[in-house]
Amino acid sequence: MWRRWGLPSRLSWAFLWRMLLIVTLVMFLYMGAVLVAFNDIRDLFVRKVEWQPRDIVVHAVRHSRIEGKKMAIDPASLKLVNRKKGWLQVVDEHGQEVYAYKKPTAFPTHYYPGELVDLKEYGDQQRGYHLYTWFKTVQGKSYTFILGQIDVEDELLYRVRVSTKRDRGKIRIPPALLDELDKKGMWLQILDEHGTVAYHHHAENQLRSYSPGVFVDYVKDHNVIYQEGSLDGQRWTWLSGIQPSMNGDQDVPTRYEATKAEQYRDHIYLLIFWGNILLVLAIAFLFGQQFGRPMLHMMSWIQELARGRFREPVNKKGLPKSVKPDGKMRRSYRLYREVMEALKDLTHTLKQNEDQRRRLEKTREDWIAGVSHDLRTPLSSVKGYADLMAEEQYQWEPAEIRRYAKVIRDKAGYMEQLIEDLNLTFRLKNDSLPLTLAEHDLVEVVRQTVIDLMNDQRSETVSTFTFHAAMPHIRLQVDKQWFQRALKNLLVNAVLHNPPGTEVKVSVWTENGRVAIQVEDSGRGMDEETQAMLFERYYRGTNTAKRSHGTGLGMAIAKQLIEAHGGDIHIDSQVGRGTRILILVG
């Protein structure tokens with residue numbers, strides 16, 4: 001169906017459905033964003049809220065007061081710290097402690113910048129602590145709140161490590177701790193200083209030994225925790241696999257999320273606004289590419305044609321830009337199918353015309369050179385004999401004068417014929433040759449033309465002339481003089497451009513209400529290039545070893561005369577198998 005639509009209809013439909021696409025996408029974006037925003041915000045307040053470590057430290061930052069060197073921590077925040085069995089510390093912008101609540105003595109009172117980062121990223125894994133930080137700026141000074149909380153899995157692994165005993169070469173762990181590991185879905189391995197597993201609990205699917213490199217990759221790529229310690233004076237490693245975070249139901253929102261949701265609502269509106277702008281710009285860019293790229297390609301194509309390069313612009317691979325590697329037209333170019341096909345036809349026609357112009361120009365140059373030679377030769381003879389006859393010191397006999405005069409007359413006749421042929425072909429080209437049409441017996445006209453040529457001395461090399469007419473009489477309106485001239489040119493061409501012994505056969509019959517005349521010879525035939533140029537003006541046949549003394553206009557004149565009678569002329573030839581020329585008139 002798309003192929004049957006015209007170019008205006010396709011352009012209109014393409015623009016319409018793209019506009020509908022933009023409107024639909026914008027509507028869905030608005031509706032989806034609004035539904036997501038309001039439903040999420042509503043659910044955050046409707047569902048049960050659970051305090052997480054990050055919520056606690058943010059709550060402490062927002063509800064605590066700092067006046068000079070006095071630090072007033074919100075009591076509710078401290079209750080939350082107690083509930084989570086954690087501790088709280090505040091340091092100033094120099095890393096010096098200004099407040100501490102239940103902070104373990106193992107943690108410093110002063111932090112270097114990198115020290116706090118390491119503790120936050122990795123915590124005190126040997127004791128199972130994790131740190132959470134938030135900062136607050138008061139009167140130009142920055143304060144950092146640090147919340148420390150025991151990680152359940154790390155703390156359990158710590159208790160397992162300190163409770164591990166070795167009795168007579170066997171490692172023993174209290175059954176109560178193993179039960180706790182089972183309840184939390186944790187497995188356990190204990191590695192000796194060589195990385196070999198000396199003890200395992202529910203770790204049948206894990207490795208049995210770890211080289212240093214393997215251990216590094218394993219810890220990085222798997223959800224595991226490990227601690228190191230001494231046992232009987234040797235270095236041991238406790239390795240345990242844990243399930244995803246056990247800190248509570250993932251669907252339960254935190255108070256921190258609930259607090260941030262109100263801010264997110266405004267951000268969502270901004271995202272919707274800028275998202276729509278970006279969406280429209282992106283679609284406009286894509287549409288511009290789809291509409292504009294083929295037009296730029298066609299403009300470049302036309303410029304190439306104007307520069308005389310008759311081919312479609314190609315890509316780096318040498319393929320036309322509008323075509324896929326499989327030869328099919330690209331989707332964006334199908335919209336302009338008629339224009340693309342018209343450009344291809346125009347390119348093909350211009351290339352053919354240019355090739356034909358070049359061939360004709362070369363042929364014209366060759367013809368001019370040949371005609372100049374043909375004119376110069378008789379002119380030289382005429383001038384030579386005229387100079388002899390003009391010499392006063394010689395007294396020529398009448399017989400000699402007549403012989404010289406005959407040569408001058410023959411050469412002048414040849415030049416006259418050449419000039420007449422030139423005049424005739426240009427008159428035929430400009431349709432300025434009036435034909436005197438009368439009804440004639442075409443069978444007799446052809447027969448008489450064949451007889452005249454048989455009596456011509458140029459036909460001595462032809463062994464056989466054959467004439468055959470399917471009907472005794474065929475009447476047709478023709479200009480007898482010019483029609484015979486066309487037939488004579490065709491017959492002379494068959495005689496002059498074939499070797500001795502060639503047979504020439506002329507036939508006349510009727511076909512589909514038209515008169516058919518065929519001139520067939522058994523000569524050497526013609527190649528495709530010669531056939532293509534045979535009826536061109538200025539073309540002189542080269543199928544003979546001797547130099548042609550023709551004007552190079554005979555076949556062109558024959559074709560023009562046949563067409564002036566409303567007829568057609570066709571040629572069929574193969575090298576070594578002769579030539580057939582068919583004329584259809586009437």
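The values are calculated or read from the model by the stated rules, or taken from the named source; none is laboratory data. Predicted, not measured: the structure shown is a model, and the values here were computed from it. Cβ: placed from backbone, ideal geometry, glycine included. Neighbour counts: every protein chain shown. Accessible surface areas use protein heavy atoms only, side chains included; no ligands, DNA or RNA. Shrake-Rupley method; radii C 1.70, N 1.55, O 1.52, S 1.80 Å.
For region 427-437, the count of residues that are within 19 Å of I557 (Cα to Cα), open to solvent by less than 80 Å² (accessible area, probe 1.4 Å), in a helix (DSSP H, G or I) and in contact with a His (Cβ under 9 Å, 6 or more places away or on another chain) is zero. The strands (runs of 3 or more DSSP E) falling completely within region 73-188 that include 1 or more residues that are free of Cβ contacts under 8 Å to residues at least 40 places away in the same chain and surrounded by 12 or more Cβ atoms within 10 Å (Cβ to Cβ) map to 97-101, 129-138, 170-172. Within region 472-486, restricting attention to residues that are in contact (Cβ under 8 Å) with a residue 60 or more places away in the chain and open to solvent by less than 50 Å² (accessible area, probe 1.4 Å), which residue is farthest from A556 (Cα to Cα)? Only one residue fits best here, namely L476. Please verify whether L442 is open to solvent by 30 Å² or more (accessible area, probe 1.4 Å), of a type outside the set (V, I, T), in contact (Cβ under 8 Å) with a residue 60 or more places away in the chain and in contact with a strand residue (DSSP E or B) (Cβ under 7 Å, 6 or more places away or on another chain), treating the condition exactly as stated. No; evaluated as a whole, the condition is false for this residue. Here L319 fulfils each of the conditions (1) of a type in the set (A, V, I, L, M); (2) open to solvent by less than 50 Å² (accessible area, probe 1.4 Å); (3) free of Cβ contacts under 8 Å to residues at least 40 places away in the same chain apart from (2). So, Y30, is that one at pLDDT below 85, out of contact with any helix residue (DSSP H, G or I) (no Cβ under 9 Å at 6 or more places or on another chain) and among the aromatic types (F, W, Y) or not? No, not satisfied. If you go through region 454-471 and keep only what is modelled with pLDDT of 85 or more and either at positive phi or exposed (fewer than 12 other Cβ atoms within 10 Å of the Cβ) (or both), you end up with T466, H468, M471.
Count of region 157-190 residues, restricted to those that are of a type outside the set (A, V, I, L, M, F, W, C) and touching a strand residue (DSSP E or B) at 6+ places or on another chain (Cβ under 8 Å), is 7.
With respect to the conditions (1) of a type in the set (D, E, K, R); (2) touching a residue at least 12 places away in the same chain (Cβ under 8 Å); (3) closer than 30 Å to I22 by Cα, R311 lacks only one, and its number is (3). Whenever a residue of region 571-586 is on the phi > 0 side of the Ramachandran plot, its partners that are of a type outside the set (D, E) and open to solvent by 60 Å² or more (accessible area, probe 1.4 Å), lying with C-beta atoms within less than 6 angstrom and at least six residues away or across chains, give the pairs G578/S522. For region 343-388, a tally of residues being of a type in the set (A, V, I, L, M, F, W, C) and modelled with pLDDT of 80 or more returns 6. Before we move on, is F273 at pLDDT 80 or above and among the aromatic types (F, W, Y)? So F273 does not fit the description; no.
Residue by residue, here is whether (1) of a type in the set (V, I, T); (2) at pLDDT below 85 holds:
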site: V160; (1), (2): yes, no
site: S163; (1), (2): no, no
site: R172; (1), (2): no, no
site: L178; (1), (2): no, no
site: D182; (1), (2): no, no
site: I190; (1), (2): yes, no
site: L207; (1), (2): no, no
site: S211; (1), (2): no, no
site: N223; (1), (2): no, yes
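Applying the set (1) within 30 Å of H59 (Cα to Cα); (2) modelled with pLDDT of 85 or more; (3) not acidic (D, E) to Q126 leaves exactly one unmet item: (2). Filtered by the rule that a residue be among the charged types (D, E, K, R) and either open to solvent by less than 70 Å² (accessible area, probe 1.4 Å) or in a helix (DSSP H, G or I) (or both), region 292-316 gives R293, E304, E312.
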